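Only one structure is covered here, and it is reproduced in the block below.
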Amino acid sequence: MSFCVAIDGPAAAGKGTVSRAVAEIFGFGYLDTGLLYRATGAKTFEGLSPIEAAQSLTAEDLQRDDLRSGDAGQAASRVAAIAEVRDALVDFQRAFARRNGGAVLDGRDIGTVICPDAEVKLYITASDEVRAKRRFDELIEAGEKTTLDKVLDDLRERDTRDAARATAPLKPAEDAIIIDTSDMTIDAAVAQVVELIKARTV
Ligand code: CDP
Ligand code: CDP
């Protein structure tokens, strides 16, 4: 049986952290859809067009070790605005959403486009400053040289581009539950999502 948990929201809101934890708790599969766009963006660094890059994406491309960098995030957001790029990635995501045994997908358009009939739809957000600090700490930990101001500018630029694009813009689905994690620990956010999923499964 399938069961889809759709988690959308802006950059560094805590989507992935919460998604991984709840997938583990319920034994669901987890797909970080941002990785598909990051890998597509990274392939354009080698001269492929965004559409060629999306159409030729392989599991190996998702293993590149530069996908979490700020540059890959920006490239992802640029290629993600192209309708043909998104089209090339839809079938894979929809099949994952309806896999047997349940699935958690996180991204920008999961509840609106990829799985509009998801059993649980969440929009996880946090203030710009909190998100920038979280991402800054991660990038420093990974050895990237950057500043908090640059990370904040970067997130805002990406969020604005993601929300303004014509195809599958970043926005909460009408029936999504909005969770602001600005003042929440990871454990508290996970606990809230676990309760919401349980309420739909019993
Ligand atoms: O997937 P998304 O970009 O939305 O965010 P993430 O990668 O899950 O979270 C970004 C960072 O924020 C991670 O280092 C998390 O550990 C941290 N985080 C946090 O400090 N408090 C939360 N409530 C959620 C995430
Ligand atoms: O981890 P973070 O939230 O910073 O970004 P991500 O989830 O890895 O996504 C990187 C970029 O891919 C986003 O800024 C979006 O432009 C794009 N994306 C999208 O358009 N649709 C999705 N379902 C997932 C990501």
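Scanning region 108-142 for residues that are within 16 Å of T181 (Cα to Cα) and not charged (D, E, K, R) gives L122, Y123, I124, T125, A126, S127, V130, A132. Candidates T185, T160, T125: the one that is of a type outside the set (A, V, I, L, M, F, W, C), modelled with pLDDT of 95 or more and either open to solvent by less than 50 Å² (accessible area, probe 1.4 Å) or closer than 24 Å to R99 by Cα (or both) is T125. Of all the residues in region 135-164, those that are among the charged types (D, E, K, R) and either over 18 Å from the mean Cα position of the chain (by Cα) or in a loop (DSSP other than H, G, I, E, B) (or both) number 7.
Figure legend. Inter-residue proximity from region 128-143: first residues within 9 Å of ligand 1 (Cβ to nearest atom), second residues at pLDDT 95 or above, beta-carbon distance below 6 Å, spacing 6+ or different chains. Indicated pairs: V130/S182; R131/A12; R131/A13; R131/L155; R134/A12; R135/A12; R135/V151. Among the residues of region 135-144 satisfying the criterion of being more than 11 Å from ligand 2 (Cβ to nearest atom) and hydrophobic (A, V, I, L, M, F, W, C), which is least open to solvent (accessible area, probe 1.4 Å)? Of everything passing the filter in region 135-144, F136 is least open to solvent (accessible area, probe 1.4 Å). Give me the pairs, please: first residue somewhere in region 56-83 and over 8 Å from G41 (Cα atoms), second residue anywhere and surrounded by fewer than 16 Cβ atoms within 10 Å (Cβ to Cβ) and polar (S, T, N, Q), beta-carbon distance under 9 Å, and either six or more positions apart or on two chains. Pairs that qualify, where the first residue is over 8 Å from G41 (Cα atoms) and the partner is surrounded by fewer than 16 Cβ atoms within 10 Å (Cβ to Cβ) and polar (S, T, N, Q), are G70/T146; A80/T167; A81/T167; I82/T167; A83/T167.
Being in a helix (DSSP H, G or I), within 16 Å of ligand 1 (Cβ to nearest atom), open to solvent by less than 50 Å² (accessible area, probe 1.4 Å) and in contact with a Leu (Cβ under 9 Å, 6 or more places away or on another chain) is the requirement here; does L67 meet it? The answer is no for L67.
Inspection of region 157-168 identifies at least one residue that is hydroxyl-bearing (S, T, Y), under 12 Å from A11 (Cβ atoms) and out of contact with any strand residue (DSSP E or B) (no Cβ under 9 Å at 6 or more places or on another chain). When A173, A118, A132 are checked against the criterion of being surrounded by 15 or more Cβ atoms within 10 Å (Cβ to Cβ), within 12 Å of ligand 2 (Cβ to nearest atom) and within 17 Å of the chain's Cα centre (by Cα), A132 stands alone in meeting it. Does region 9-21 contain any residue that is within 16 Å of ligand 1 (Cβ to nearest atom) and part of a strand (DSSP E or B)? No; the residues of region 9-21 include none that is within 16 Å of ligand 1 (Cβ to nearest atom) and part of a strand (DSSP E or B).
Note on region 55-102: residues that are of a type in the set (G, A, S), under 26 Å from F3 (Cβ atoms) and within 12 Å of ligand 2 (Cβ to nearest atom) total 1. For residues that are open to solvent by 20 Å² or more (accessible area, probe 1.4 Å) and of a type outside the set (D, E), scanning just region 17-30, find the one that is nearest to ligand 2 (Cβ to nearest atom). Taking the candidates together, the pick is T17.
The criterion of being within 13 Å of the chain's Cα centre (by Cα), of a type outside the set (D, E, K, R), open to solvent by less than 10 Å² (accessible area, probe 1.4 Å) and more than 13 Å from ligand 2 (Cβ to nearest atom) does not hold for L105.
The values are calculated or read from the model by the stated rules, or taken from the named source; none is laboratory data. Note that this is a predicted model, so its numbers are computed, not measured. Note that we place each Cβ from the backbone using ideal geometry, even for glycine, and neighbour counts take in every protein chain shown. Please note that ligands, DNA and RNA were not included when accessible areas were found on the heavy atoms of the full protein model with its side chains. Shrake-Rupley method; radii C 1.70, N 1.55, O 1.52, S 1.80 Å.
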